[in-house]
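One structure below.
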Amino acid sequence: ISSITALGRAGLPDDIGGVIAFLCSDDAKWINGQRLEVSGGTFL
């Protein structure tokens, strides 16, 4: 996995945990219908 990502490593829960917490909060109430790419810059 690490060889095909721009970051050079596999993703960890902490890599997206903050974003998920934000999206579940009232601060994100105006965000809807979005597609977030969470791939670490993976290329195949």
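Where a number appears in this text, it was derived from the coordinates with a stated rule and is not lab data. What you see is a predicted model, and the numbers here were worked out from it, not measured in a lab. A quick note on method: Cβ atoms are made from the backbone with ideal geometry, for glycine too, and the neighbour counts reach across all protein chains shown.
For a label point 7 angstrom out from the Cα of Phe43 toward its Cβ, which stretches of region 1-24 have the backbone nitrogen within less than 20 Å?
Hits in region 1-24 for Phe43 at 20 Å: 1-11.
Loop only by DSSP, 16 or fewer other Cβ within 10 Å of the Cβ. Give me the chymotrypsin sites (Phe, Trp or Tyr not before Pro) in the chain that pass, ordered by residue number.
Details: sites: Phe22, Trp30, Phe43; in loops: Trp30, Phe43.
For chymotrypsin sites (Phe, Trp or Tyr not before Pro) across the chain that sit outside H, G, I, E and B with at most 16 neighbouring Cβ atoms in 10 Å, the list reads Trp30, Phe43.
Residues with amide H under 5 Å of Gly11's amide H, sequence separation 5 or more or different chain, H placed in the peptide plane at 1.01 Å from N; which?
none
Check Thr42: other-chain or 5+ apart residues with amide H under 5 Å from its amide H, H built from backbone geometry?
Amide H neighbours of Thr42: Ala6.
Using only Cα atoms, tell me the angle between helix 13-23 and the longest principal axis of the chain; keep it within 0 to 90° and round to the nearest 10.
Long axis of 13-23 versus the principal axis of the chain: about 20 degrees.
Could you derive backbone 3J(HN,Hα) for region 31-44 from the dihedral phi with the Karplus parameters 6.51, -1.76 and 1.60 (θ = phi - 60°), listing whole Hz in sequence and x where the residue is Gly or Pro?
Using θ = phi - 60°, the values come out as 8, 7, x, 9, 10, 9, 7, 10, 10, x, x, 5, 9, 10 Hz.
For the chain, treating each Cα as an identical point scatterer without solvent, what Debye log10 I(q)/I(0) comes out at q = 0.17, 0.27, 0.33 1/Å?
Calculated log10 I(q)/I(0) at the listed q: -0.58, -0.94, -1.15.
Could you give the length gained by full extension between Arg35 and Ile4, i.e. 0.36 nm per residue of separation minus their alpha carbon distance, to one decimal place? Walk me through the intermediate numbers first.
Values: separation 31, 0.36 × 31 = 11.16 nm, distance 2.15 nm.
Taking 0.36 nm per residue and subtracting the Cα distance, the gain is 9.0 nm.
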